[in-house]
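The next block holds one structure in the form of structure tokens; read it before the comments.
No lab work stands behind these numbers, since they all come straight from the coordinates. Computed from a predicted structure; not experimentally measured. Here the Cβ positions follow ideal geometry from the backbone for every residue, glycine too, while neighbour counts run over all protein chains shown.
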Amino acid sequence: MDLLDRPLSIQTFEQYLRRRAPLRRTPIDYVSDVRQFAAFCGTAWREVTMHDIDAFVDQQRQAGRSPATIKRRVAALKVFFDFLAEESGDLAWPNPVRAKRHAVSRRSACRVICGMRTWLRCGRSSASRAIGPGLC
């Protein structure tokens, strides 16, 4: 496989996933996730670094994607880069995805907001008076 040919490498990855999980939705989602990363990062596959993955994760967070969606996209990229290393025959090819580095917090924004409302209701800030009782 020509690793420089991005569409071909994604197509081959899709075929690989369909062989592994023919009745599951995983191939559809993972290929979509890899295509989104490819659109975001134009770097050659071999040149992708963990910093490129960092930037993609940050962009996904800023776009309001859920932690579960981001986690799946990171997992898809990890599987994809493992696949590329196997297909190239170069198992020493480092995977740019680092599980702990690219972990996504499960704590939702709602919990943060609700926690802030509780904090404000307790009168620990003059902001609670400014916000008003009906909003907290």
Suppose each label sits 7 Å from its Cα in the direction of the beta carbon; what would the Arg101-Arg18 distance come out to in nanometres?
3.4
For a protection proxy built on the mean count of beta-carbon atoms within 10 angstrom, sort 83-91, 8-16 highest first, please.
8-16, 83-91
Could you derive backbone 3J(HN,Hα) for region 15-29 from the dihedral phi with the Karplus parameters 6.51, -1.76 and 1.60 (θ = phi - 60°), listing whole Hz in sequence and x where the residue is Gly or Pro?
4, 4, 5, 5, 5, 6, 9, x, 9, 10, 8, 3, x, 5, 5
